Amino acid sequence: MIKRMIILSLFFVSLNSFAAIDVYEFDDPTLAERFKVLTYELRCPKCQNQNLADSNSELSMDLKQIVYEKLKAGESNEDILLFMKHRYGEFILFNPEMSKSNALLWTGPIIFLIVFIIFFFRWYSKNRDMADE
């Protein structure tokens, strides 16, 4: 019985040794910081609500490798973000820029709140008038 438990525990420990750990080596600590910032600013297209830094999907691994290679090549953060935006669309950015195509996304909650307040006050005044009669 103890022999089986030891064998099972060694099996599970050996499975953990196959877990992938991404290590990106940078000579300059500022490049490492830029890599960290970029992977937090970019969204994983597969996971949708995770950034590249937190995602373990194969696509996010590939995108992190692209960011790493572009940083090593000397490209700026803006160039890398622009490349990703052109390749994967504006969805990949966690903080998209305001444009005509997404203006409703930015203004929609404010418009909804204003309309809700107007309807609420109309309803409230109507019900108050009915209660007074």
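Couple of notes before you dig in:
- Amide H contacts for L93 (H built 1.01 Å from N in the peptide plane; partners 5 or more residues away or on another chain; cut-off under 5 Å): R43.
- The mean of 1/r over all pairs of different alpha-carbon atoms in segment 43-124, once inverted, gives a Kirkwood hydrodynamic radius of 15.2 Å.
- Extension gain from N51 to V115, taking 0.36 nm per residue of separation minus the Cα-Cα distance: 19.7 nm
- Protection proxy ranking of 42-52, 104-114, 77-87 - average other beta-carbon atoms within 10 Å, highest first: 42-52, 77-87, 104-114
- Taking 22 Å as the straight-line reach from the Cα of K46, the lysines in range (excluding those fewer than 8 positions away in the same chain) are K36, K64, K70, K85.
- Using the average count of surrounding beta-carbon atoms within 10 Å as a protection proxy, the listed peptides 118-127, 60-69 rank, highest first, as 60-69, 118-127.
Read-outs: derived from the displayed coordinates by stated rules, not from any lab. Computed from a predicted structure; not experimentally measured. All Cβ positions, glycine included, derive from the backbone under ideal geometry; neighbour counts span all protein chains shown.
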